[in-house]
Structure formats: C-alpha cells, structure tokens
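Accompanying notes for the structure given below.
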Amino acid sequence: MTAARSFDLSVQRRRHRRVGRALVRDERGAVSAELVIATPLLLLLIMGVIQFALWQHAEHIASAVAQQGLAVGRLQGESAAAGQEQAQSVLHQLGSSVLVDSSITAARTNATTTVTVTGHAESIVGLFSLPVKAVATGPTEIYTVPGQGP
C-alpha cells in the first residue's frame, strides 16, 4: 500500500505541475495586451494635463495684458487707445504663441476704464480650442484741486 500511495502522490504532483505550466502558458502575452490598452489611455491623460496647463498659462497672459492696458488707460491725460496700445505691446512682448486669435478692446468713461482681452489657448491636439477671456476694470483717474468738484 505504501508504494501505491507514493505512486499516486507522484502522479498527482506531475499533473499539478502540468496544470501549473498550462496556466503559465495561458497567461503569456497578458502584459502586452494590458500595455496595448493602458498606454493610449496614459498618453491621453498626459495630453489632457498639458492642454490644461496651456489654457491656464493663456489665462494668465490675458490677465496680465489686461491689467497693463488698464494701468495706462486709466491715467489722467491718456485715452482708451493708449491703454489698448500698451496692452498690445505687452502681448507682443510676452509672445502670442500660447494666446492665439487674440483681440484687445479698451473703453474709457469719466468714471471707469475697462480693458478686455479675448482669444483661445493653443491646442496641442488640434481638435478643439479652449476660450480665454480677461477683463480689467478700474476707476479713471481725475485729479482735482481741493475744494473744487470734479
């Protein structure tokens, strides 16, 4: 009985090894299949992060341009055109590669001055373009002599 029992155990061990080898063979190529699915998703995620960063940078540029245009346009003795010209100069200095199709408008009244910058963030994919808009508004400077009205 002991020899028969040891024979049965050795047969079971061989079967177990064959089954184990079969399972290992069945899993071959699984990593490649996972990479084929995961790599494009990872690249899409990375491109989305980069596109968001470009949009944020374009928003920052538009805001800085509007603020600089406002700083000049609201001064006494200046005009809305001077603010618009200053904003255009700052945009030219910062470079218009991130903020594309930009337009700058300036308006000045006796009470307020407003500079608006609109455009689109550069697209890395080319399928869509995110809009960018920045508005800077401030009081128009008017100097008066004490005791006299504006």
In the stretch 81-115, the residues that are more than 19 Å from the chain's Cα centre (by Cα), among the polar types (S, T, N, Q) and surrounded by 12 or more Cβ atoms within 10 Å (Cβ to Cβ): Q84, Q86, Q88, S89, T105, T112, T113, T114
Answer residue from the stretch 46-80, given it is free of Cβ contacts under 8 Å to residues at least 24 places away in the same chain and of a type in the set (A, V, I, L, M, F, W, C) and is surrounded by the most Cβ atoms within 10 Å (Cβ to Cβ) among those: V72
Selection count, the stretch 113-144, where residues are more than 14 Å from A66 (Cα to Cα) and not aliphatic (A, V, I, L, M): 12
Any pair with Cβ under 8 angstrom, 6 or more apart, that starts in the stretch 17-45 at a residue that is surrounded by 10 or more Cβ atoms within 10 Å (Cβ to Cβ) and ends at one that is in a helix (DSSP H, G or I) and at pLDDT 75 or above: none
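The values are calculated or read from the model by the stated rules, or taken from the named source; none is laboratory data. These numbers were taken from a predicted model, which means no experiment stands behind them. Cβ atoms come from the backbone with ideal geometry, glycine included; neighbour counts cover every protein chain shown.
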